[in-house]
Protein chains: 2
Amino acid sequence: MARHRFVTAVQTTTLRYNEAVPGHRTQGGLISHHKTSRILLISNSTLHGSGYLDHAADEICDFLGNVQKVAFIPYALHDRDAYTRTARERFQAMGYQLSSVHTTTDPVDIVNQCDAVFIGGGNTFRLLKALYDFDLLGTIRTRVAEGMPYIGSSAGSNVAGPTIKTTNDMPIVQPPSFNALGLVPFQINPHYLDPDPQSTHKGETREERILQFLEENDTPVAGLREGAMIRIENEAMTLKGSSGARIFRKGLGPIEVLPGSRLNELLAS
Amino acid sequence: MARHRFVTAVQTTTLRYNEAVPGHRTQGGLISHHKTSRILLISNSTLHGSGYLDHAADEICDFLGNVQKVAFIPYALHDRDAYTRTARERFQAMGYQLSSVHTTTDPVDIVNQCDAVFIGGGNTFRLLKALYDFDLLGTIRTRVAEGMPYIGSSAGSNVAGPTIKTTNDMPIVQPPSFNALGLVPFQINPHYLDPDPQSTHKGETREERILQFLEENDTPVAGLREGAMIRIENEAMTLKGSSGARIFRKGLGPIEVLPGSRLNELLAS
């Protein structure tokens, strides 16, 4: 299979996770953001006024190209069968076969047998706990480092970062660690929401929450508005979609970024 | 001191935490909701159109009565000095002295020397991590079981529940466990927000998030709108404040509750 062509390069250039983040070592032990990585991180699965993944379909088809079999990871939602039906129907309409990891006793094998992986949205804590429970983090990191296309949406984009510390989700279950796949060197905040000047609600705004994250952590954060995506290939990170993003970095003011912008320098950790 | 009168009763009737939640044992090891407990859980520190704790001041004074010294726990915010100044000024205006645990090398001693405790709002993960770091959970549980008045606001209300699994906050730091003080047998969702029928945003509503919690857990959840409070004394749990609450229980539809309602039966675990 094509992925074996990249193994040597991966072994020589991939960072050890515990070199980058002292005191932390994730399952599998690697941050695998790498020059062969091909990654599409989508803010949201459904955009107001359109159907499931409709707003991202053109980008997904362009990104996946001639790939045939996509491994689906439905763990972020409770009803995995229903979720798989929804995702399979949408991917079939785009011309791809979809196999869900929840239909087998060997999820790792499904990921290894497929040509791409798609991790859907839902609850990020439930998703990450299942990735640990089913021992999938190392396999996904290795395959993505070898060049297997990775698509994440919402929670599936959150887990592509070094940690899930910028999720919007409720911590309904406790994963063994907040450390995630580390496929990219920055954090994602999906469904990024601008403050509503009319609001009388006194809970923190999304920007205030992300600034709290930066009080405690150094990693840059990409706040992806609904409709926005980040596409990574050939070592270029590009903002795609319609709605723009807001980038947050420690000690610096937030920056607005328009679709089409290159993000490499803004999101370098 | 008065608290010693209750020690025997506490030892005979308090539940062991790991009896209630198999496989989990919190620091200190106890759920201390108990007939001597006096607890005031406030949804939010500031209500639109008024100053810090103004909307809760009458209830706080009625609840604390002749107490003199209040231990303040400011760990949920980054700037603990500034937070303490704000809280001290407000409590002084109500007639109480406030001592912050962050000004000493022995926070446990401050809690033991004071007559009441107030845990302020901010980020729930940062707060709970600090309660573990400073070994405060067991002391607070013991003192509250002995009858020391406990006031929590927002994150400070979240940590009064068995876990922080119904917080709205971003998981900016990782506490060793999501298990919290367990002073009450139900979960709090502070700043509870009704869905906006005009919204085009596709992130989960607050109700959807709490229903996700109940997919994975059995504990009832009190969604406290801004302006609402729960007051517990003499074994009665009463909804106070102006704005009502929404109660969520596994397998049952949500229930609207008006100010003044008794909550014991609805929130029994």
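The values are calculated or read from the model by the stated rules, or taken from the named source; none is laboratory data. Since we're looking at a predicted model, the values are computed, not measured. Please note: Cβ atoms are built from the backbone with ideal geometry, for glycine as well, and neighbour counts cover all protein chains shown. For accessibility, only protein heavy atoms count, side chains too; no ligands or nucleic acids. Shrake-Rupley method; radii C 1.70, N 1.55, O 1.52, S 1.80 Å.
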So, for region B:6-257, what is the accessible surface per residue at a probe of 1.4 Å, expressed in square angstrom?
37
The Rg/Rh figure for region A:6-257, Cα atoms and Kirkwood Rh, to two decimals is 0.94
Could you give the length gained by full extension between B:V108 and B:Q92, i.e. 0.36 nm per residue of separation minus their alpha carbon distance, to one decimal place?
3.5 nm
Using unit Cβ charges (K, R positive; D, E negative) and no other charged atoms, how large, in debye to the nearest 20, is the dipole of the protein assembly as shown about its Cα centre?
700
Counting each DSSP H run of 4 or more residues in chain B as -39500 (n - 2.57), what helix-only mean residue ellipticity at 222 nm follows after dividing by all residues, to the nearest 500 deg cm²/dmol?
-7500 deg cm²/dmol
Let me test this: with uniform point scatterers at the alpha carbons of region A:163-217, what is the Debye-based log₁₀ I(q)/I(0) at q = 0.13, 0.14, 0.21 1/Å?
-0.40, -0.47, -0.94
Under the Karplus relation with 6.51, -1.76 and 1.60 and θ = phi - 60°, whole-Hz ³J(HN,Hα) for region B:252-269, x at Gly and Pro, equal 10, x, x, 10, 7, 10, 8, x, x, 6, 7, 10, 3, 6, 5, 9, 5, 8
May I ask you to evaluate 6.51 cos²θ - 1.76 cosθ + 1.60, the Karplus curve with θ = phi - 60°, for each residue of region A:118-132 and list the ³J(HN,Hα) values in order in whole Hz, giving x for glycine and proline?
10, 10, x, x, x, 9, 5, 5, 5, 4, 5, 4, 5, 4, 5
Sorted largest first, the C-alpha extents of region B:144-269 along its principal axes in whole angstrom are 48, 36, 27
For A:D81, label point 7 Å along C-beta direction: distances to other copies, nm
6.1
Partner chain Cβ atoms within 10 Å, averaged over the residues of B:121-128 - can you pull that number for me?
3
antiparallel share of DSSP beta bridges within chain B, to nearest 5, in %, is 50
As computed over the protein assembly as shown, the Cα convex hull volume per residue (Å³)
146
Once phi is turned into ³J(HN,Hα) by the Karplus curve 6.51 cos²θ - 1.76 cosθ + 1.60 with θ = phi - 60°, what whole-Hz value does each residue of region A:174-190 show in order, with x for glycine and proline?
9, x, x, 7, 7, 5, 10, 6, x, 6, 10, x, 10, 8, 9, 10, x
Extension length gain for A:S199 and A:A236 (0.36 nm per residue less Cα distance), in nm, is 9.5 nm
For A:L77, distant residues with modelled amide H under 5 Å away
A:N123
Using amide H atoms built in the peptide plane, which far-off residues or other-chain residues are under 5 Å from B:A180 H to H?
B:T163, B:I164
Probe radius 1.4 Å, ligands and nucleic acids ignored: give me the carbon and sulfur share of the accessible area of region B:87-203 as a rounded percent.
44
Per-residue average of Cβ from other chains inside 10 Å of B:162-172:
6
Counting alpha carbon pairs within less than 8 Å and at least 6 residues apart, what relative contact order, in whole percent, applies to region B:6-257?
22
